[in-house]
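Inspection log for the structure reproduced underneath, given as structure tokens.
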Amino acid sequence: QVQLVESGGGLVQPGGSLRLSCAASGSIFSSNAMGWYRQAPGKERELVARITSGGSTNYADSVKGRFTISRDNAKNTGYLQMNSLKPEDTAVYYCNADRALRVAYWGYDYWGQGTQVTVSS
């Protein structure tokens with residue numbers, strides 16, 4: 001059973017924009033924070049943006065001012081608007097809950113398939 005589905009990635013030129021979407025089956029994001037993570041080749045997965053159920057947001061310094069995270073609690077869906085994209089933003093992007101919650105909810109550290117973002121001219 002698919003639990004998390006990320007979409008919206010693709011190939012974009014430097015300076016371009018993409019909007020990622022994350023659809024969750026079940027209630028993991030209900031009343032809980034959700035985050036967008038990314039993993040570039042040869043690097044560890046990192047948290048780039050996080051939003052609480054109340055709408056408070058945090059961003060990695062590398063994306064601050066360029067990325068905007070949002071959510072639709074009624075639809076159990078999250079979004080990541082990415083502007084002024086740079087080649088170093090190239091990575092597979094994932095959405096998920098905080099680690100303690102996702103392990104408790106799914107019984108292990110589950111991740112969806114992610115969506116590939118490639119920034120290149």
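Within the stretch 1-43, which residues are part of a loop (DSSP other than H, G, I, E, B) and closer than 15 Å to GLU88 by Cβ?
Residues satisfying the conditions are GLN13, PRO14, GLY15, GLY16, ALA40, PRO41, GLY42, LYS43.
Can you name the residue in the stretch 34-81 that is touching a helix residue (DSSP H, G or I) at 6+ places or on another chain (Cβ under 8 Å) and closer than 23 Å to GLN3 by Cβ and is also surrounded by the most Cβ atoms within 10 Å (Cβ to Cβ) among such residues?
Looking at the filtered set, the residue picked out is ARG38.
Of everything in the stretch 1-25, what is more than 15 Å from THR118 (Cβ to Cβ), open to solvent by 50 Å² or more (accessible area, probe 1.4 Å), of a type outside the set (A, V, I, L, M) and more than 11 Å from the chain's Cα centre (by Cα)? Give them in sequence order.
GLN1
Within the stretch 97-115, is there a residue that is open to solvent by less than 40 Å² (accessible area, probe 1.4 Å), touching a residue at least 60 places away in the same chain (Cβ under 8 Å) and of a type in the set (Ser, Thr, Tyr)?
yes
For the stretch 55-96, give me the residue count where each residue is in contact (Cβ under 8 Å) with a residue 40 or more places away in the chain and assigned to a loop (DSSP other than H, G, I, E, B).
Selection size over the stretch 55-96: 6.
Taking PRO87 and the conditions (1) of a type outside the set (A, V, I, L, M, F, W, C); (2) touching a Ser or Thr at 6+ places or on another chain (Cβ under 9 Å); (3) surrounded by 16 or more Cβ atoms within 10 Å (Cβ to Cβ), which numbered condition does it fall short on, given that it satisfies the others?
(3)
Determine if the stretch 41-48 includes at least one residue that is modelled with pLDDT under 95, over 14 Å from the mean Cα position of the chain (by Cα) and of a type outside the set (Gly, Ala, Ser).
yes
Under 7 Å between Cβ atoms, which residue pairs at least 6 apart in sequence (or on different chains) link something in the stretch 36-48 that is more than 19 Å from ARG99 (Cα to Cα) with a partner that is open to solvent by less than 80 Å² (accessible area, probe 1.4 Å)?
Listed by first residue and then by second, the contacts come to ALA40/THR90; ALA40/ALA91.
The values are calculated or read from the model by the stated rules, or taken from the named source; none is laboratory data. No experiment lies behind these values; they were computed from the predicted model shown. When we count neighbours, we look across all protein chains shown, and the Cβ atoms used for this are built from the backbone with ideal geometry, even at glycine. Side chains are part of the model used for accessible areas, which takes the heavy atoms of the whole protein and leaves out ligands, DNA and RNA. Shrake-Rupley method; radii C 1.70, N 1.55, O 1.52, S 1.80 Å.
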